[in-house]
Every structure is written in structure tokens, then in C-alpha cells.
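Accompanying notes for the structure given below.
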Amino acid sequence: MGIQDCRILDLPKIDNPSGNLTFIEGQRHVPFDIKRVYYLYDVPGGAERGGHAHRELHQFIIAMSGSFAIELDDGYQKKQYHLNRSYYGLYICPMTWRVIDNFSSGSVCLVLASARYDEADYIRNYETFAGIARKDR
Ligand code: TYD
């Protein structure tokens, strides 16, 4: 897997004058079973999140409110995304280094994940990540 496997996925949107509705089903709208949900909020201006990769974890990130930037890196190529709507998100495949920054005030970053929290799945050193990513090819 590489950066070409990470992509924006559109979500169903039920438009209604009384408010819109979006839903997400595992293995249907995102390419994995959803085992965990977490969210970042009250992020101070100028903060940077992420700065790590996951060995096995699949994730899907949505800007539930506001906006932020995500930079992906598979050890070879980098790609930038800007998320600012709650009816689409970014699928991030395993072995992708990600940095999330440029959070707008009041933004909420929702993350769907394919597994429960496991610190052993993280790679928090970029050189370690790049070494493994390049060896895998
Ligand atoms: P981390 O994933 O490093 O945050 P980010 O990528 O947003 O910068 O997690 C920050 C801390 O929160 C870390 O100590 C682990 C803890 N944590 C959990 O306990 N459970 C979770 O599901 C997540 C995502 C993090």
C-alpha cells in the first residue's frame, strides 16, 4: 500500500431543509470495519497533531466542523489535503506518515479506526518509518 491508496471518499448526504444528515457504515462507506472512534477538539491555533504512522491501522478522517490540513507521506511521496466538510473524509491506509495542522478555530477532527488503541501499532520516529516503508517495496 502507498499514498495512491489513500483517498478522499464521499459520504452519503441526506439533504433536508431542517438539517442535513450523513451516515457511515463500515466496509460500505469506508474500506474497513470500524472498531474505534475518537476526535480532536479545542485544538489551539498553530498546533500540530499526528507526526506518526501506523503499522496495521486503517483510518478515516472527517472535518466534522471547521477545517484543517493533512499531509501524508508514504516514505517516497507526499500529498496534501485540506478537509472542511462533514460529508467526505480522507481514508489513510497503513504505513502512512501523517501530520495534521492549520486547524481553524473551533474545528473538530473525527477519526474512525479499524482497531482499538494499541501503542505498539504506532511508529513515532520518522527515520524508523521511512526505513520500514522503503524496505517493504
Ligand atoms: P496520538 O495518537 O499520538 O495523538 P495525535 O496523533 O492526535 O497527535 O495520541 C495522543 C495520546 O492519546 C497518546 O498518549 C495516546 C492516547 N490515545 C489513547 O489512549 N487512545 C486513543 O484511541 C488515541 C487515539 C490516543
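Read-outs: derived from the displayed coordinates by stated rules, not from any lab. Nothing here was measured: the structure is a model prediction, and the numbers come from that model. All Cβ positions, glycine included, derive from the backbone under ideal geometry; neighbour counts span all protein chains shown.
Worth a mention:
- Angle of helix 126-135 to the longest C-alpha principal axis of the chain, folded into 0 to 90 degrees and rounded to 10: 80°.
- Relative contact order of the chain, defined on C-alpha pairs under 8 angstrom at six or more residues apart (%): 34
- Coil-residue chymotrypsin sites (Phe, Trp or Tyr not before Pro) of the range 74-137, DSSP, other Cβ within 10 Å capped at 15: Tyr76, Tyr87, Tyr117
- Mean residue ellipticity at 222 nm, helices only, the chain: -2000 deg cm²/dmol; runs of at least 4 DSSP H residues each add -39,500 (n - 2.57), and the sum is divided by the number of residues.
- For the residues Ile123, Ile14, Ile62, a GNM of the chain with alpha-carbon springs under 10 Å puts the largest fluctuation on Ile14.
- Rule-of-thumb Rg ratio for the chain [Cα; 2.2 N^0.38 Å; N residues]: 1.05
- Whole-angstrom gap from the range 85-137 to the range 8-81, using each part's C-alpha centre: 9
- Reachable aspartates and glutamates from Lys13, criterion Cα separation under 14 angstrom, eight or more residues apart if same chain: Glu25
- Solution diffusion estimate, µm²/s, Stokes-Einstein, the range 6-61, Kirkwood Rh from C-alpha pairs, 20 °C, viscosity 1.002 mPa s: 150
- Cross-link reach list, lysines versus Lys78, counting only Cα pairs under 21 Å and skipping chain neighbours closer than eight places: Lys135
- Counted over the chain, the DSSP beta bridges are approximately 95% antiparallel.
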